[in-house]
1. Could you work out the local net charge near residue 130, counting Lys and Arg as +1, Asp and Glu as -1, over the other residues with Cβ closer than 9 Å to its Cβ?
2. Assuming 0.36 nm per residue, please report the length gained on full extension of the stretch residue 372 to residue 268 beyond their Cα-Cα distance.
3. Reachable lysines from residue 89, Cα under 19 Å, same-chain residues fewer than 8 places away excluded?
4. Given a Förster distance of 35 angstrom, what is the FRET efficiency for residue 58 paired with residue 147, based on the Cβ-Cβ distance and rounded to 0.05?
5. In a shell of Cβ-Cβ distance under 14 Å around residue 17, excluding residue 17 itself, what net charge do Lys and Arg (+1) and Asp and Glu (-1) give?
6. Place a point 7 Å from the Cα of residue 157 along the Cα-to-Cβ direction; which residues of segment 88-105 have their backbone N under 18 Å from it?
7. Assuming 0.36 nm per residue, please report the length gained on full extension of the stretch residue 81 to residue 202 beyond their Cα-Cα distance.
8. Considering only protein heavy atoms, what per residue accessible area in square angstrom results for segment 150-294 with a 1.4 angstrom probe?
Amino acid sequence: MKLISLFLSAFRNIEQETLRPGQALTLLSGLNGQGKTSFVEAISLLSIATSFRTQRDDDMIAENHQYSRVHGIVETAPGSVRELAMDLKRSSGKTAWIDGQRAKRLGDFTGTLPSVLIHPGDIDEIRGAPALRRKFMDMGISMASRDYLGSLRELRTAMESKRAILSKVFRGTFTNMDRASLRAINETAVHPTWRIVKARSEFVSSLSATLGGYWKRILRAQGPEPRIRVDYKCFLSKSVIDSSESDLLDLVRRNFDESLKSEIDQGKILTGSQRDDFEFFLNNRPARRFASQGEARTMVVGSRLFLADEISRMRGERPLVLVDDVLTDLDRNRRHGLMECLAGTQVVATVSDCTALDRTGISDSIMYIVENGGLTLATE
Ligand SMILES: Nc1ncnc2c1ncn2[C@@H]1O[C@H](COP(=O)(O)OP(=O)(O)OP(=O)(O)O)[C@@H](O)[C@H]1O
Ligand SMILES: [Mg+2]
């Protein structure tokens, strides 16, 4: 899978521009505020149908414009290309297109261009709220497996219905029929929850098993791996990791049954995989409280390398890796270690200082200078 070209119109500070990434590393270099991240954001929009830096689609439309368009040509296999496009209309949301056909659901569009993003905000996953870590798990697993997205969607529908019924408790209109409906909804939630927990448990345990290796490769370190592990904190209990599939189904069902009375008493959902979390440990200490900034950064970068390999393994195609601003944050050795880990991968990386990366030894690398929303191919 390769991104062949990306055309942008009225996107952030970019009037009209076409980016033609190389086969391997494409560096976008330029001063602050010139549009480097905007190019990365546009690629990511074609991949995950949403921006990684704003929840308001209108923010991406260039000032004084009503419409914005991002169009990409992707080579899915040698000789076979797909066209992806996203139209943004001010105050009216977005429309996704695959090969000229309007995508009925954004979910159908997501993942056609698999990508992994490495950016400065990732570090919040170490110390920030559980929602950030769930987002990482969900994004990662759904890039690798489309079924997972279906389970999340099923569960979200069940939870919305459950929430609506529980809200009747406060309005004083809750009846015995509602109690029966809640039981029925819980039953529809059992299987998707089981699939989600199973996928997350497997995902986190593979991350835990491999993160030390990525750490070592980024540091180009010799000797033993550091003691790094990642623990899945499932809403059920820690024992899910060793449970058989039928035991896990029973655990989910029992947990839902046991929580129902308190949920009705309090008029809110008290259990479910929307409470899941995971935690990084470095030398047996929680990274959240003990890791240095550089250690935390290396862990999250390592977790992205894991994700890229996981997507390659599950889908049989290498995702595009987007690296925004992180290179200048890493010391020289780690920058090169990261690039070595990404050999054979199509990478689009931004740097505000073109000396941040010595490209010698990185085959097929190209560099664009980004200035005022425009691109110029840099000559060696
Ligand atoms: N909707 C918009 N319309 C016009 N300009 C915008 C819009 N949104 C952001 N900008 C501006 O676009 C410029 C480019 O932003 P971008 O984040 O891409 O810069 P950058 O090159 O990544 O900078 P840095 O090195 O500081 O990260 C900035 O000046 C920003 O204020
Ligand atoms: Mg930037």
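1. Net charge in that neighbourhood comes out at +2.
2. On the way: separation 104, 0.36 × 104 = 37.44 nm, distance 4.98 nm.
Net length gain for the segment: 32.5 nm.
3. Filter leaves 104.
4. Working: r = 33 Å, r/R0 = 0.93.
The formula returns an efficiency of 0.60 here.
5. Details: positive: 12, 20, 36, 69; negative: 15, 41, 371.
Local net charge: +1.
6. Hits in segment 88-105 for residue 157 at 18 Å: 104-105.
7. Using 0.36 nm per residue and subtracting the Cα-Cα distance, I get 40.3 nm.
8. Ligands and nucleic acids excluded, the result is 53 Å² per residue.
The values are calculated or read from the model by the stated rules, or taken from the named source; none is laboratory data. Please read these numbers as outputs of a predicted model, since none were measured by experiment. As a convention, Cβ positions derive from the backbone with ideal geometry for all residues, glycine included, and neighbour counts pool all protein chains shown. Only protein heavy atoms, including side chains, enter the accessible area calculation; ligands, DNA and RNA are left aside. Shrake-Rupley method; radii C 1.70, N 1.55, O 1.52, S 1.80 Å.
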